[in-house]
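Structure, as structure tokens:
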Amino acid sequence: TTKHSPFQLVYGRLPNRPDNNLFEWPVSRRKFIKRVEQLRKAARFNIIRRQDRTKMLCDARRKASKPYYQGDLVLVHRMLKKKD
């Protein structure tokens with residue numbers, strides 16, 4: 001959904017693997033914070049976009065219900081407690 005790993009969203013970089021010992025830190029703390037903020041903003045945008053798409057697909061399959069008016073009889077399901 002976010003198109004980024006959780007590690008990348010927290011630390012602002014890809015995780016190190018044993019075969020990749022290059023540790024790339026930005027020159028300044030300000031650049032690091034800016035990069036992490038951009039990643040998180042992009043992830044937030046991707047999540048919202050994915051939620052909207054999922055809602056649209058679910059709503060397309062949903063049947064429209066008829067409106068209920070005051071005084072209409074409706075069936076209510078109640079959970080009954082069993083006696084011990």
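Every number in this text was worked out from the coordinates using simple rules, so none of it is lab data. Everything quoted here is computed from the prediction, not taken from an experiment. FYI the Cβ positions are ideal-geometry reconstructions off the backbone, even for glycines, and counts take in every protein chain you see.
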Full-extension gain in nm, residue 9 to residue 49, via 0.36 nm per residue minus C-alpha separation: 12.6 nm
Cα-Cα over 24 Å, subset of 3/31; 3/55; 41/63: 41/63
Segments 3-13, 63-73, 48-58 sorted - mean Cβ within 10 Å per residue, highest first: 3-13, 48-58, 63-73
Listed residue (73, 11, 51) projecting farthest to the positive dipole end of the chain, Cβ model: 73
C-alpha long axis of helix 29-61 to longest principal axis of the chain, angle in °: 30
